[in-house]
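Beneath this line is the structure, given in structure tokens, with notes to follow.
The values are calculated or read from the model by the stated rules, or taken from the named source; none is laboratory data. In this text, all values refer to a predicted model and were calculated from it rather than measured experimentally. Reconstructed Cβ throughout: ideal geometry from the backbone, glycine too, with neighbour counts over all protein chains shown. Heavy atoms of the whole protein, side chains included, go into the accessibility calculation; ligands, DNA and RNA do not. Shrake-Rupley method; radii C 1.70, N 1.55, O 1.52, S 1.80 Å.
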Amino acid sequence: DPGADASLCGMAATGASGTNAVRYGTMRPNVLNLRVVLPDGRLLHTAGPGRQPRKRAAGYDLTSLFVGSEGTLGFLTQATLRLHPLPEATAATVASFPSVGAAVACTVQVLQAAVPVARIGGCLGPEMGMGVQVPVVELSATSSHPEFLDEVMADACGRFSGMGLPAAATLLLELHGSRHSLAEQQQQTEEIVRQNGGSGLAWAEGLEERERLWSMRHNAWYAALALRPGCQVRHKDGADGGSAHGAVSAIALPSPAQGYSTDVCVPISRLPDVVVETKEDLQASSITGPMVGHVGDGNFHCLLIFNSQDPEEAQRVHAFTQRLGRRALAAGGTCTGEHGVGLGKRALLQEELGQEGLDTLRSIKAALDPHNLMNPGKVL
């Protein structure tokens, strides 16, 4: 489920993932082989030339070493990927909750009940229902992932997309499966949603409806930018106001108001507490930072919108990101589940891995790139 302008080797280099990761995995388990140009010009096939086994136990796992290496070990020029069949049937829904904690707790319970969710995510806000009733269709399913949005993000996405979502904590769920099992999975999901105070559950089956729902989520970045006065957003639409796939695209024009997106990932059992604590931290810090996340695998993002020309505000944003990373580490998680270390999380990486772990990474880097040609200064 790549974002705009993504490339396959770029996604492999950054260890990318997205809304379908809960069911289908991140890039790492889906890459079978890589062709890499090493810093000295040699050509490496990480699993051997022309090989694509589904599993292997021959030597070190060089493929996994280069996935997520952020361009520090070599150029990725070709990727051999695992393919997944399209599901026979698909159904998606949106549910609103009275609080962020309730929405995330619902996600945890859905996963603990082994409901085969393909996608799950959401937004959080005041208590409101969708007010839409759609008959449940008799389809069977396994789901890919839950997406969550806090009330700020839900309201922003609803207004930006024109869908009119309530300003409430929201989950987006999608089920994939056969036509004989989906109804049971839908019923189980509805019961868990109701137990957590959720409302407005309405199932969308048609491709156009589902694409409109997920395009709203995919445009969350531009919706977040539109929250800040002076952060202008310009639509680039077709004559009908949408793209060929029903998505609305936009480009942010130059402005002092900028967006900074950061992410963490924690064990599912700790997710509700960490999300609530982060929400309280954002409010106490007076930062515009709507939250969105692939909460099905414990990963969530804060989209921080701030004035880059205001040193005091920029410092508050930096301090918040450091607290967020350390909060995730204290919960047994990682300082980044998707975005990578880059330049900004090098100190947090050392706290996460320890000195021995960092020294091991540096030894690998020195062995493959002794002259430090590849992305110098990144990660390490």
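Entry remark, the stretch 70-90: residues being assigned to a loop (DSSP other than H, G, I, E, B) and in contact (Cβ under 8 Å) with a residue 12 or more places away in the chain number 9 in total. Among residues of the stretch 192-222 being of a type in the set (S, T, N, Q) and either in contact with a strand residue (DSSP E or B) (Cβ under 8 Å, 6 or more places away or on another chain) or modelled with pLDDT under 80 (or both), the one that is most open to solvent (accessible area, probe 1.4 Å) is SER199. Taking the numbered list (1) open to solvent by 50 Å² or more (accessible area, probe 1.4 Å); (2) part of a helix (DSSP H, G or I); (3) among the small types (Gly, Ala, Ser) in turn, SER286 passes all entries but (2). Filtered by the rule that a residue be open to solvent by 40 Å² or more (accessible area, probe 1.4 Å) and touching a residue at least 40 places away in the same chain (Cβ under 8 Å), the stretch 28-45 gives ARG28, PRO29, ARG35, VAL37.
VAL104 meets the conditions (1) part of a loop (DSSP other than H, G, I, E, B); (2) in contact with a Phe, Trp or Tyr (Cβ under 8 Å, 6 or more places away or on another chain) in every case but one. The failed one is (1). Tell me which residues, restricted to the stretch 17-69, are of a type in the set (Ser, Thr, Tyr), in a loop (DSSP other than H, G, I, E, B), under 26 Å from the mean Cα position of the chain (by Cα) and under 23 Å from VAL379 (Cα atoms). Selection gives SER17, THR26, SER69. Quick one: in the stretch 308-342, of everything that is open to solvent by 30 Å² or more (accessible area, probe 1.4 Å) and in a loop (DSSP other than H, G, I, E, B), which residue is nearest to LEU353 (Cα to Cα)? Applying the filter and picking the extreme gives GLY332.
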